[in-house]
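Worksheet for the structure shown next.
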């Protein structure tokens, strides 16, 4: 229970130095610790973990704190490459398990320009239609009051309105 309070007060403080190495390497390449273990497994064995191996690894690492030697080797390699300035943390090799990881947008500039032009056309068209639709508008933007609606009422119209108000 005391370990829980220590972790809550200092989440960056890890008691196990081996897990600290894994967490540091995972932070450098901006992935989770377990994803780093998956990357290390793939790097060491040349294949992905099976679901059964993944379950065993998860329990061993998260519950017992067991860190395999190949994972420590992979984490130390990442840390040393980062210290030497030779690491590209945005490399797709480190984000192979991120399904939504994209480094570039194909035709992104063209789509942005097209959407911007369509939006500008809709706005300008709406303003023009609003301006042309009224016979004598008082403004370009809503509310579209016409000049004859804002003219002072004659005495007959005032009397008619007053009569309508009394009847209602």
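Could you please find all residues in region 75-119 being modelled with pLDDT under 80, exposed (fewer than 13 other Cβ atoms within 10 Å of the Cβ) and not in a loop (DSSP other than H, G, I, E, B)?
92, 93, 108
Is there a residue being within 14 Å of residue 40 (Cβ to Cβ), in a helix (DSSP H, G or I), in contact with a helix residue (DSSP H, G or I) (Cβ under 8 Å, 6 or more places away or on another chain) and touching a residue at least 40 places away in the same chain (Cβ under 8 Å) anywhere in region 63-73?
yes
Residue by residue through region 42-52, note down the ones that are surrounded by 14 or more Cβ atoms within 10 Å (Cβ to Cβ) and part of a helix (DSSP H, G or I).
42, 43, 44
The values are calculated or read from the model by the stated rules, or taken from the named source; none is laboratory data. This one's a predicted model, so the numbers in the text were calculated from it and none came from an experiment. All Cβ positions, even for glycine, are placed from backbone atoms using ideal geometry, and neighbour counts span all protein chains on display.
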